[in-house]
Structure formats: structure tokens, C-alpha cells
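S.K.: To start, I am sharing the structure in question, which I have written as C-alpha cells.
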Amino acid sequence: MAVIGIYRIIKFLLWVLICVGMYAIVRPFSFDASIRMIYAFHRGMCNIFKITVVVHGVPSTKKRTLYLVNHASYLDIPILGSILNGRF
């Protein structure tokens with residue numbers, strides 16, 4: 001079991017390094033591409049930690065929406081980041 005945890009931590013660290021590097025390259029040239037990279041980063045995090053996200057309802061498409069969430073765990077941000085266009 002400990003080997004699986006270490007493997008996931010290594011995958012997580014590599015994923016962060018890859019995404020941060022790519023984001024630093026893409027961000028100055030394309031805002032839309034950087035937003036897509038943020039979604040991909042959070043979806044990858046959910047994939048690494050074997051999290052299945054189930055959405056009930058439809059997220060707001062209005063320009064300015066405030067979501068209030070009760071921090072239930074350290075995984076709230078990757079989960080919400082994989083489905084919402086938001087900043088944390």
C-alpha cells in the first residue's frame with residue numbers, strides 16, 4: 001500500500017512540474033490556452049488521486065458568480081477547478 005502512495009506522490013510532483021512549466025510558456029501568449037491548461041491540471045489531479053467527479057445541476061455561466069463552499073477536504077480545489085471556471 002505504501003508503494004502506491006509513493007507512486008501517486010511522484011506522479012503528482014511530475015504533473016505539477018510539467019503543468020507549471022507549460023503554463024509559464026503559454027500564459028504570456030494566450031489567455032484562453034492558459035485557462036484550458038488550468039482545467040487540464042485539475043482534471044489530471046483528480047485522475048492521479050482516482051477521484052470521480054459527479055455534477056448535479058449546471059454550473060452558472062454568468063460572468064461574475066460567487067461560489068461559497070464548505071472546505072470538506074484538501075481535494076476541494078482540484079475537484080471544483082475541474083468543473084468551474086474560477087479562481088481560488
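The values are calculated or read from the model by the stated rules, or taken from the named source; none is laboratory data. No experiment lies behind these values; they were computed from the predicted model shown. Glycine gets a Cβ as well: all are built from the backbone with ideal geometry, and neighbour counts include every protein chain shown. Calculation scope for accessible area: heavy atoms of the full protein, side chains included, ligands and nucleic acids excluded. Shrake-Rupley method; radii C 1.70, N 1.55, O 1.52, S 1.80 Å.
S.K.: Quick one: which residue in GLY81, GLY57, GLY44 is surrounded by fewer than 14 Cβ atoms within 10 Å (Cβ to Cβ) and not hydrophobic (A, V, I, L, M, F, W, C)? Working first, answer last.
M.R.: Details: GLY81 fails: surrounded by fewer than 14 Cβ atoms within 10 Å (Cβ to Cβ); GLY44 fails: surrounded by fewer than 14 Cβ atoms within 10 Å (Cβ to Cβ).
Of GLY81, GLY57, GLY44, the one residue that is surrounded by fewer than 14 Cβ atoms within 10 Å (Cβ to Cβ) and not hydrophobic (A, V, I, L, M, F, W, C) is GLY57.
S.K.: Scan the range 69-78 residue by residue and report those that are open to solvent by less than 60 Å² (accessible area, probe 1.4 Å) and part of a helix (DSSP H, G or I).
M.R.: If we filter the range 69-78 for residues that are open to solvent by less than 60 Å² (accessible area, probe 1.4 Å), which is where we start, we get 73, 75-76, 78.
Residues satisfying the conditions are ASP76, PRO78.
S.K.: Is there a residue being part of a helix (DSSP H, G or I), among the small types (Gly, Ala, Ser) and at pLDDT 80 or above anywhere in the range 51-62? Outline the logic, then answer.
M.R.: Step one: filter the range 51-62 for residues part of a helix (DSSP H, G or I), giving none.
Within the range 51-62 (the criterion being part of a helix (DSSP H, G or I), among the small types (Gly, Ala, Ser) and at pLDDT 80 or above), the answer is no, since none of the residues qualifies.
S.K.: Please tell me if LEU66 is surrounded by 10 or more Cβ atoms within 10 Å (Cβ to Cβ) and out of contact with any helix residue (DSSP H, G or I) (no Cβ under 9 Å at 6 or more places or on another chain).
M.R.: Details: surrounded by 10 or more Cβ atoms within 10 Å (Cβ to Cβ): no; out of contact with any helix residue (DSSP H, G or I) (no Cβ under 9 Å at 6 or more places or on another chain): yes.
In short, no.
S.K.: Further, regarding this structure: Kindly list, by first and then second residue, each pair from a residue in the range 59-80 that is under 26 Å from PHE49 (Cβ atoms) to a residue that is open to solvent by 90 Å² or more (accessible area, probe 1.4 Å) and part of a loop (DSSP other than H, G, I, E, B), limited to pairs with Cβ atoms under 7 Å and residues at least 6 apart or on different chains.
M.R.: Close Cβ pairs (under 7 Å, with a partner that is open to solvent by 90 Å² or more (accessible area, probe 1.4 Å) and part of a loop (DSSP other than H, G, I, E, B)) amount to ILE77/PHE88.
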